[in-house]
Amino acid sequence: MTATAAAATVSTPALAQRCQIGPPKHEKGPPVFLNYDRVELDAAYDQQYYEPQLSIVQKRIASHSEATIARIGVPERVAYGDAEIEQMDIYRTNHTNAPIFVFIHGGTWRYDTARGYAYAAETFVGAGAHYVAVDFASVTDVGGDLGVLAMQVRKAIGWVYRNAASFGGDPDRLYIGGHSSGGHLCAVALITEWQKGFGLPADIIKGGLCMSGMYEMEPGRLSWRRGYIKFADEIADNMSPQRHVERLGAPVVATYGSLETPEFRRQGRDFAATVKAAGKPVELIEATNYHHQEMAETLGNAYGPNGRAALALMGIGAA
């Protein structure tokens, strides 16, 4: 087949319909948030409508994670709390007194595990940093309360700070990052008042990488996600880090892909703009031609948008 014929085939209406991007065709309804009607808002908070190969990328990340563990070894599994789920995987670098990157996984606050994000460990370990992936509860197992997940993530970060020396880490070079719903929890951790709530120094976190996250809960509570999250006013406020940027004590890097849903792009831009307006250090990175789950995958690539950003935030280079 010639290139011209191939291009014509790809542009046929039948194939275009099979690869529909955006909300399903529907009659425009009344606005629910901004100019989105119900169908449009729900789609804007559901990756499957904007990332045609979502499941393939998810499977690739899973296979990369297992391959990474096979290459660099099984991580040290450590409990940071009393609940069975409150554990973390520590991938050690061979550098002494090394910086630490704590990763908070995504999955709509319901799915995925620390092991499933092992794929990024090799990049950090090779660059001379410890990589710590945290497990925490599914929001559906705790009555829809995001505050429980936020507290578990904070406990995990506090444990890492207090126990860094036990695995060769430098507590004064502790960085955190998260993707999607994990990007949200990362931002929540960044606005934590560590002295008041945990008896720790206010500046235990030296930088945060918020990848493709949500930072204002109001549109989320109006979307389909209200079906499994308890969005009471107090929870929505406490879990909206964009409303509390005055508490930020560390530089923030916010990233998103140019092919993500319109709301995930807007959330990243608005969060960064709010942080900047508050006079806090922030960098906004839009990665051209990346979908949502592809952005997660790039954390494992020292030269990809998120891998590069993470290493730069930590002040270290690729191996």
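The values are calculated or read from the model by the stated rules, or taken from the named source; none is laboratory data. This one's a predicted model, so the numbers in the text were calculated from it and none came from an experiment. Every residue, glycine as well, gets a Cβ built from its backbone with ideal geometry; the counts of neighbours run over all protein chains shown. Note: areas computed on protein heavy atoms with side chains; ligands, DNA, RNA excluded. Shrake-Rupley method; radii C 1.70, N 1.55, O 1.52, S 1.80 Å.
Between the alpha-carbon centres of region 257-319 and region 158-175 there is a gap of 25 Å. Of the options (i) 60, 51, 39; (ii) 54, 53, 37; (iii) 65, 45, 36, only one is Cα extents along the principal axes in Å as computed from these coordinates, and that is (i). Partner lysines whose Cα lies under 25 Å from the Cα of K59, excluding those fewer than 8 positions away in the same chain, are not found. Simple rule: put +1 on each Lys or Arg Cβ and -1 on each Asp or Glu Cβ in region 179-264, find the dipole, and look at A232, V253, G199; the Cα lying farthest toward the positive end is G199. In this structure the amide hydrogen of R110, modeled in the peptide plane, comes within under 5 Å of the amide hydrogens of V139, none closer than 5 places in sequence on its chain.
Just the ratio, please: alpha-carbon radius of gyration of region 14-112 over 2.2 N^0.38 Å, N its number of residues. Please list the in-between numbers first.
Details: Rg = 20.3 Å, N = 99, 2.2 N^0.38 = 12.6 Å.
Taking N as the residue count of region 14-112, the ratio is 1.61.
Evaluate the charge dipole of region 91-198 about its Cα centre and quote only its size in Debye, nearest 20, assuming +1 on the Cβ of each Lys and Arg and -1 on the Cβ of each Asp and Glu.
On the way: 8 positive and 8 negative charges, 29 e Å.
Magnitude of the dipole: close to 140 debye.
Converting phi to 3J(HN,Hα) with the Karplus coefficients 6.51, -1.76 and 1.60 and the offset θ = phi - 60°, region 252-262 yields 10, 10, 10, 10, 7, x, 5, 9, 6, 5, x Hz in sequence order, with x at every glycine or proline.
Excluding M151 itself, what net charge comes from residues whose Cβ is under 15 Å from its Cβ, given Lys and Arg +1 and Asp and Glu -1? Show your work: numbers first, answer last.
Numbers: positive: R154, K155, K196, K230; negative: D82, E86, D135, D141, D145, E193, E234.
Result for the neighbourhood of M151: -3.
Of the residues I21, I90, A114, the one whose Cα sits farthest toward the positive end of the charge dipole of the chain, with +1 on the Cβ of Lys and Arg and -1 on the Cβ of Asp and Glu, is I21. Our coupling estimate for region 116-131, obtained by passing each phi through the Karplus curve with A = 6.51, B = -1.76, C = 1.60 and θ = phi - 60°, is x, 10, 5, 3, 7, 4, 4, 5, 6, 4, x, 7, x, 10, 6, 10 Hz, Gly and Pro reported as x. Each principal axis of the Cα cloud of region 239-311 was evaluated for its coordinate range; sorted largest first, these ranges are 32, 27, 20 Å.
Considering only the other residues whose Cβ falls under 15 Å of the Cβ of G169, what net charge follows from Lys and Arg at +1 and Asp and Glu at -1? Surrounding charge for G169 is 0.
Within straight-line reach of K196, meaning a Cα separation under 17 Å, sit the following lysines at least 8 residues removed in sequence or on another chain: K155.
Net charge near G227: determine it from the other residues with C-beta under 15 Å of the C-beta of G227, scoring Lys and Arg +1 and Asp and Glu -1. Don't skip to the answer; put the middle values down first.
Numbers: positive: R38, R110, R221, R225, R226, K230; negative: D42, D46, D145.
Net charge in that neighbourhood comes out at +3.
For I104, the residues 5 or more places off, or on other chains, whose built amide H falls under 5 Å of its own are G177, G178, H179.
Measuring max minus min along each principal axis, the C-alpha atoms of region 159-269 give extents of 43, 32, 25 Å (largest first).
Arrange the residues K196, K230, K280 by how much accessible surface each exposes, largest first, with a 1.4 angstrom probe.
Working: K196 165, K230 100, K280 55 Å².
Ranked list, largest accessible area first: K196, K230, K280.
How large is the charge dipole for the chain, taken about the Cα centre, if only the Cβ atoms of Lys, Arg (+1) and Asp, Glu (-1) carry charge, to the nearest 20 debye?
Details: 29 positive and 34 negative charges, 75 e Å.
Charge dipole of the chain: 360 debye, to the nearest 20.
Computed from point charges on the beta carbon alone (+1 for Lys and Arg, -1 for Asp and Glu), the dipole magnitude for region 67-126 about its Cα centre is near 220 Debye.
Projected onto their three principal axes, the Cα atoms of region 115-177 cover extents of 39, 26, 16 Å, largest first.
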